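The values are calculated or read from the model by the stated rules, or taken from the named source; none is laboratory data. Everything numeric here is computed off the predicted structure, so don't read it as measured data. Heads up, the Cβs are rebuilt from the backbone with ideal geometry, glycines too, and the neighbour counts pull from every protein chain shown.
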Amino acid sequence: MTDKTVLPGVLIASGNWAPEPWAEPFASEPERPLAIWPDVPDRAAIHYVLAWRPPAEAFADLPNLKAVFSLGAGVDHVVGNTALPDVPIVRVVDADLTTRMTEWVTLQVLLHHRQHLAYTRQQAAHQWRELRQPVAHDVRVGIMGLGELGRDAAEVLARLGFQVAGWSRSAKDIAGIECFHGEDGLTAFLGRTDILVALVPLTPDTRGILNASVFDRLARNGALGGPVLINAGRGGLQVDADILAALDDGRLIGASLDVFEPEPLAADSPFWGHPRVVVTPHVAASSEASVLAVGIHRQILDFEAGKPLGNLVDVTRGY
Ligand code: NDP
Ligand code: OXD
């Protein structure tokens, strides 16, 4: 093989995710150098990094880097990286991931709406007792974040009959969804919300946003008897102590948490055994490599054919 046939190289730094499925689509291009972190024999050959929670050093000394591809929708794991050179960051926007998130959010909303935790306790006690059940139309869901994921979940929940509203940074107009935005819209959004779903990215503006002040402003007059928190965004959005205190004194009647800081959730965290908390291990919308790697490979081929990169991150705002 001569130098002429060598294609721009790829580095896969996939953290605790197995790199092999992400490398799979590149197997058809033997002329493209492919490195798996930390084994990077020729750093100058690397034009693209496919990254999930990469160590800072993964971006150091890559003189020909052209773009970084986040292996997930979130980019907080890349944006905060001090060694990151000034290159475009591309994130995942894919129907497969969106559908997975909507499944998880819908499951959790229905679980609290249909009082599944109470029925599980009743089953354990061999207790046959019907609980009063409101209809979806009497329950108000509020989705923080009306981006790719929040909007899809909002539309599906609205189709199930829930009264759905969303809150975002900029104004939105979505049929069937009451839209609020900005700091000015937050109190009104919270005041009409029985089930709060967090799907905002983790940025300096959103860190710790799921706190006592927000829980205090949720609706108290809802059909469920109190507000519920569902967080699939990032663990850094939530103030754990505030959630636990709100669950203790009834300002929250339940919570579903998929994300934590740090992860994995500490073995002695009170969330594990809490009777009104559902814990899942950051699986709300797992990145399915067999699907997403093909999309990233396609984007690289399109980029090399002169097309602009899509799904670019605005690093100034952090998502
Ligand atoms: P998008 O960038 O498409 O949407 C983000 C939304 O959040 C936008 O509506 C944006 O507002 C809003 N937002 C951002 N900052 C603020 C703010 N300060 N105040 C109000 N609204 C704000 O992201 P996605 O929907 O694709 O993904 C959302 C997040 O979900 C990811 O960043 C990631 O953290 C998390 N995620 C979690 C997964 C899991 O398995 N648990 C899987 C995948 C993603 P605007 O529209 O005005 O810009
Ligand atoms: C993501 C995630 O950001 O899986 O895609 O958390």
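Would it be correct to say that ALA158 is closer than 18 Å to ARG276 by Cβ and without any contact (Cβ under 8 Å) to a residue 60 or more places away in the chain?
No; evaluated as a whole, the condition is false for this residue.
Select from region 69-107 the residues that are of a type in the set (Ser, Thr, Tyr) and part of a helix (DSSP H, G or I) and write down the one among them that is nearest to GLU57 (Cα to Cα).
The qualifying residue nearest to GLU57 (Cα to Cα) is THR98.
Looking at region 53-72, which of the residues that are within 21 Å of ALA284 (Cβ to Cβ) and surrounded by fewer than 22 Cβ atoms within 10 Å (Cβ to Cβ) is farthest from ligand 2 (Cβ to nearest atom)?
ARG53
Suppose we filter region 105-123 for residues that are surrounded by fewer than 21 Cβ atoms within 10 Å (Cβ to Cβ), under 20 Å from the mean Cα position of the chain (by Cα) and of a type outside the set (S, T, N, Q); how many remain?
3
How many residues are small (Gly, Ala, Ser) and over 19 Å from LEU65 (Cα atoms) when one looks only at region 294-319?
2
Yes/no matrix, rows are residues, columns are (1) under 24 Å from LEU34 (Cβ atoms); (2) in contact (Cβ under 8 Å) with a residue 12 or more places away in the chain:
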| site | (1), (2) |
| --- | --- |
| ALA284 | no, yes |
| SER290 | yes, yes |
| HIS297 | yes, yes |
| LEU301 | yes, no |
| LEU309 | yes, yes |
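Whether any residue in region 301-316 is in contact with a helix residue (DSSP H, G or I) (Cβ under 9 Å, 6 or more places away or on another chain), within 13 Å of ligand 1 (Cβ to nearest atom) and at pLDDT below 95 is what I want to check.
yes
Give me the residue from region 62-89 that is modelled with pLDDT of 95 or more and away from ligand 1 (no atom under 16 Å from the Cβ) and, out of that set, farthest from LEU149 (Cα to Cα).
Restricting to residues being modelled with pLDDT of 95 or more and away from ligand 1 (no atom under 16 Å from the Cβ), the top hit is PRO63.
Applying the selection to region 266-291, what residues are within 11 Å of ligand 1 (Cβ to nearest atom) and among the aliphatic types (A, V, I, L, M)?
Selection gives VAL283, ALA284, ALA285.
Quick one: in region 90-142, which of the residues that are under 22 Å from ILE230 (Cα atoms) and polar (S, T, N, Q) is farthest from ligand 1 (Cβ to nearest atom)?
By that ranking, first place goes to GLN133.
Here are some conditions: (1) surrounded by 14 or more Cβ atoms within 10 Å (Cβ to Cβ); (2) within 19 Å of the chain's Cα centre (by Cα). GLY80 meets all but one. Which one does it not meet?
(1)
Which one is nearest to the chain's Cα centre (by Cα), of the residues in region 130-162 that are part of a helix (DSSP H, G or I) and surrounded by 23 or more Cβ atoms within 10 Å (Cβ to Cβ)? Show your work before the answer.
Taking region 130-162 as the starting set, the residues that turn out to be part of a helix (DSSP H, G or I) are 136-138, 148-159.
So of that shortlist, the ones also surrounded by 23 or more Cβ atoms within 10 Å (Cβ to Cβ) come out as 149-150, 153-154, 157.
Working: LEU149: 8, GLY150: 9, ALA153: 12, ALA154: 15, LEU157: 18 Å.
Per the stated criteria, the residue is LEU149.
Residue by residue, here is whether (1) away from ligand 2 (no atom under 16 Å from the Cβ); (2) at positive phi; (3) aromatic (Phe, Trp, Tyr) holds:
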site: THR82; (1), (2), (3): yes, no, no
site: ASP86; (1), (2), (3): yes, no, no
site: LEU97; (1), (2), (3): no, no, no
site: ARG100; (1), (2), (3): no, no, no
site: TRP104; (1), (2), (3): no, no, yes
site: VAL109; (1), (2), (3): yes, no, no
site: HIS112; (1), (2), (3): yes, no, no
site: ALA125; (1), (2), (3): yes, no, no
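Can you name every residue in region 187-235 that is over 28 Å from VAL283 (Cα atoms) and either in contact (Cβ under 8 Å) with a residue 24 or more places away in the chain or of a type in the set (Val, Ile, Thr) (or both)?
Result: THR187, GLY191, ARG192, ASP216, ARG217, ALA219, GLY222, ALA223, GLY225.
Which condition number in (1) within 16 Å of ligand 2 (Cβ to nearest atom); (2) touching a strand residue (DSSP E or B) at 6+ places or on another chain (Cβ under 7 Å) is the one that ALA293 fails?
Of the numbered conditions (1) within 16 Å of ligand 2 (Cβ to nearest atom); (2) touching a strand residue (DSSP E or B) at 6+ places or on another chain (Cβ under 7 Å), the odd one out for ALA293 is (2).
Just give me the residues in region 7-33 being closer than 16 Å to PHE59 by Cα and outside any loop (DSSP other than H, G, I, E, B), in sequence order.
GLY9, VAL10, LEU11, ILE12, ALA13
Of all residues being farther than 20 Å from VAL105 by Cβ and touching a Gly at 6+ places or on another chain (Cβ under 8 Å) in region 180-234, which is surrounded by the fewest Cβ atoms within 10 Å (Cβ to Cβ)? Just the residue, please.
Checked region 180-234; the qualifying residue surrounded by the fewest Cβ atoms within 10 Å (Cβ to Cβ) is PRO204.
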